[in-house]
Structures are given as C-alpha cells and as structure tokens.
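Taking it in order: structure first as structure tokens, then the write-up.
The values are calculated or read from the model by the stated rules, or taken from the named source; none is laboratory data. Computed from a prediction, not measured in an experiment: that's the story for all the values here. A quick note on method: Cβ atoms are made from the backbone with ideal geometry, for glycine too, and the neighbour counts reach across all protein chains shown.
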Amino acid sequence: MRLSTYKREGKTGIAAWFGKELHGFEEGSKGYPGDLDTLLARGASLMGLGATLSSAPHLETASITLLPPLGKPSKILCIGLNYRDHAAETGFKLPDWPAVFARFPSCLVGHGSQLVRPAVSEQLDFEGEMVVVIGKKAKAVSAGHALSHVAAYSIFNDASVRDYQMRSSQWTLGKNFDATGAFGPWLITPDELPPGGAGLRITTRVNGSTVQDASTSDMVFDVASLIEILSSTMTLEPGDMIVTGTPSGVGYTRQPPLFLRPGDICEVEIERIGILGNPVISH
C-alpha cells in the first residue's frame, strides 16, 4: 500500500495509490480520516487506511501538489557514514557505532517541489537515502523484534550545505536549511518490500546522469540494528523517521566537486519504492 499527502485548492488531503490511480479525501470532506501524522500517533493501521481510501474520489495527479507524507514528525534521525563505500570516500574509518544527527520538519519538501540552494552557499550536495517510519512505540527493542515497529518506508534526499556542515564537528546547521530535505513521494507499507528494505537498489541521478548506485544491503547498520540502538537511548514514537544513510558518489568528494545548481533536476530512486524528484532553485 502506498499513501501520500497532497494539497489541492488550498486544502490538504490524504490519498492511496491503486496501481497508477490515486484516490483521496481532503480535510473538511466527509470521509476524511485525518492526516498521516495524527493517524500514526493514534496507532492506525496503514493497510486499513488503504481500504478506507479505496472508496474515496479519484484524483487527477495534475490537479494536486504532493507534500511530504509526514509534516510534523517528532524526530527525524539521520544516520551518517552508514554505507561502507561512502565512509571510505569521505576519509572516515568504518564506524563501529552509528553517527546520528537530527533534521527538523522545517527543512522538508515533497516530491516535485523545489530544493532551495541558499543564498549563502554554492555547495548544495545530494544524498539519496531510504527512510524508515516508526509505527509502534519502541523503547529498548531488540533487533529481533525491531521490524514489527516499522509502519512504512520512503525516500529522502538529504541535501546538505557542505561548507556550513563542515564548519563544525556537529552537522546540524548544514543539514537543516529550509527546503533541503526532500521526502516522498509516499509511504509504502512493509508488506511490499523485503524485510528491513534490504537488497534494494538505490540510485541518485542529476539531470538524468547516475551519480550514486548501490544496494541497501551495503549499509553498515541495517534497519533492525538501527532501531535497536536508537531505542536503547530514546523512545521512538509513531511517525518518527530514521533516514538510513547515503551510499558513495556524493558531490563534495568528487574531483572536481559536483554540487547542485539552479535548474538541475535531482532524482532518488529506490527499487520497489519509487522515485523522488525535485528541481533545484537558488534562494
């Protein structure tokens, strides 16, 4: 099941995909079940939500704007250096413990919306990543039970302002410029994917040219391990996002560096999940 959040004529809606057809309800309409943030917090079944939306009106995709599937997650936990080749290309040793940093909802944009290169920098970089969305509260969960706490998967472009990121040992500022965290185009339920989203091809393209190409099986810490480690230190709440890291090929390690420029189109594709695409503009 694939579920999207959208906007049409100023109203936010929730929709499910049935093949290439989209069916959804908008806020204020009869049958609108609420937004995905609220529904996950209430413990709603995303599969059951899909059944509810099957009777919703058909939507023409040209008439809507896709939004980030979740608008206000309480946590966006991002994992650095979680692909072996990426750790090598950056000159860091392979981590024996996840490097974790936070993003905040103010950075999020949806599929098709503009990634914004800020006026203060020309070093906007791409990072294609798989997202895990928590569906059931997790505290001190073992790896063996971790995947039962996953509600969905999605795609993220962890677009990073490198000069700001590298000014400090803490990466938060360079990772949280407005409109640099592309997320979507939907949430996809775990039954559609291999356990933990393992073994999926992940590619990033800039203007049609492939710049990253790897498998999610190349992660140093897989999804179950990440949930176990993170939940040992904090309670993971329904709707929390884990952005699982990027493979090699990022722009700042290239010679010469390859940064995103106004007019570029950046796409992240993950096998069996879909394609997240965004044009780039300057602020």
Inset, instruction - Using the structure shown, decide if GLY208 is closer than 26 Å to ALA41 by Cβ and not polar (S, T, N, Q). - result: no
Inset, instruction - Kindly provide the set of residues from the range 72-96 that are in contact with a helix residue (DSSP H, G or I) (Cβ under 6 Å, 6 or more places away or on another chain) and part of a loop (DSSP other than H, G, I, E, B), ordered by number. - result: LYS72, LEU81, LEU94
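The rows are residues; the columns are (1) touching a Ser or Thr at 6+ places or on another chain (Cβ under 9 Å); (2) exposed (fewer than 15 other Cβ atoms within 10 Å of the Cβ).
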residue: SER232; (1), (2): no, yes
residue: VAL243; (1), (2): no, no
residue: ARG261; (1), (2): yes, yes
residue: ILE265; (1), (2): no, yes
residue: VAL268; (1), (2): yes, no
residue: GLU271; (1), (2): yes, no
residue: GLY274; (1), (2): yes, no
residue: ASN278; (1), (2): yes, no
residue: HIS283; (1), (2): no, yes
Inset, instruction - Could you look through the range 236-267, keep only residues that are in contact with a Lys or Arg (Cβ under 7 Å, 6 or more places away or on another chain) and assigned to a loop (DSSP other than H, G, I, E, B), and pick out the one that is nearest to VAL141 (Cα to Cα)? - result: GLU237
Legend entry - Residues of the range 1-48 that turn out to be assigned to a helix (DSSP H, G or I) and not hydrophobic (A, V, I, L, M, F, W, C), as a count: 3
Legend entry - Subset of the range 53-98 [modelled with pLDDT of 90 or more and among the polar types (S, T, N, Q)]: SER54, SER55, THR61, SER63, THR65, SER74, ASN82
Inset, instruction - Consider only pairs whose beta carbons are under 7 Å apart and that are at least six residues apart or on different chains; among these, list those whose first residue lies in the range 8-36 and is β-branched (Val, Ile, Thr) and whose second residue is assigned to a loop (DSSP other than H, G, I, E, B). - result: THR12/GLU27; THR12/ASP35; ILE14/PRO33; ILE14/ASP35
Legend entry - Hits in the range 12-32 (condition: surrounded by fewer than 19 Cβ atoms within 10 Å (Cβ to Cβ) and more than 23 Å from the chain's Cα centre (by Cα)): GLU27, GLY28, SER29, LYS30, GLY31, TYR32
Inset, instruction - Return only the number of the condition from (1) exposed (fewer than 13 other Cβ atoms within 10 Å of the Cβ); (2) part of a loop (DSSP other than H, G, I, E, B); (3) hydrophobic (A, V, I, L, M, F, W, C) that ALA51 does not satisfy. - result: (2)
Legend entry - Output for the range 178-195, where each listed residue is surrounded by 14 or more Cβ atoms within 10 Å (Cβ to Cβ) and in contact with a Ser or Thr (Cβ under 8 Å, 6 or more places away or on another chain): ALA179, THR180, ALA182, PHE183, GLY184, PRO185, TRP186, LEU187, ILE188
Legend entry - Flag if ILE229 is assigned to a helix (DSSP H, G or I), among the hydrophobic types (A, V, I, L, M, F, W, C), touching a Pro at 6+ places or on another chain (Cβ under 7 Å) and under 22 Å from ILE134 (Cβ atoms): yes
Legend entry - Residue check for LEU59: in contact with a Pro (Cβ under 9 Å, 6 or more places away or on another chain) and either surrounded by 15 or more Cβ atoms within 10 Å (Cβ to Cβ) or aromatic (Phe, Trp, Tyr) (or both): no
